[in-house]
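Notes follow the structure.
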Amino acid sequence: LAEWGYVVKHCFLVLRRTYPDSQGISLAIQQGREAGQTVPHLHAHLIVYREEGELNGEPEPEESEQLRRRPRSKEDMQAESDKLRKVFVELEDYVSSEGAFFEAV
């Protein structure tokens, strides 16, 4: 469990560094079918809040509004992945230090 906490903490720090203007980060864990779990392993969803106070990627309330939004392309997702990967590497030594474990996220 300690290793899992380390990974989640690393992800929080990366997201905070990557999206400094965000209003916060939501952590969701769905354990069990009734809780919404759709894959048979423990995982976490870390979702960045936009400046407007909405979850980044939150679906629009009306289906017609959802259809107007352009789906993310493979190129968009690759660019975001590359951006995040760089920050993961930059923070690796810091996150493994004892001080980072106790830093507030």
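Take L13 and decide whether it is among the aliphatic types (A, V, I, L, M), more than 14 Å from the chain's Cα centre (by Cα), surrounded by 11 or more Cβ atoms within 10 Å (Cβ to Cβ) and modelled with pLDDT of 80 or more. Here the answer is no, as L13 does not meet what is asked. Consider the range 16-41 and keep the residues that are under 24 Å from L84 (Cα atoms) and of a type in the set (D, E, K, R). The one that is surrounded by the fewest Cβ atoms within 10 Å (Cβ to Cβ) is D21. Among the residues of the range 46-60, none qualifies, meaning not one is of a type in the set (F, W, Y) and either assigned to a loop (DSSP other than H, G, I, E, B) or at pLDDT below 80 (or both).
The values are calculated or read from the model by the stated rules, or taken from the named source; none is laboratory data. As the structure is a prediction and not an experimental result, all values here were calculated from the model. Ideal geometry is used to build each Cβ from the backbone, glycine not excepted, and the neighbour counts take in all protein chains shown.
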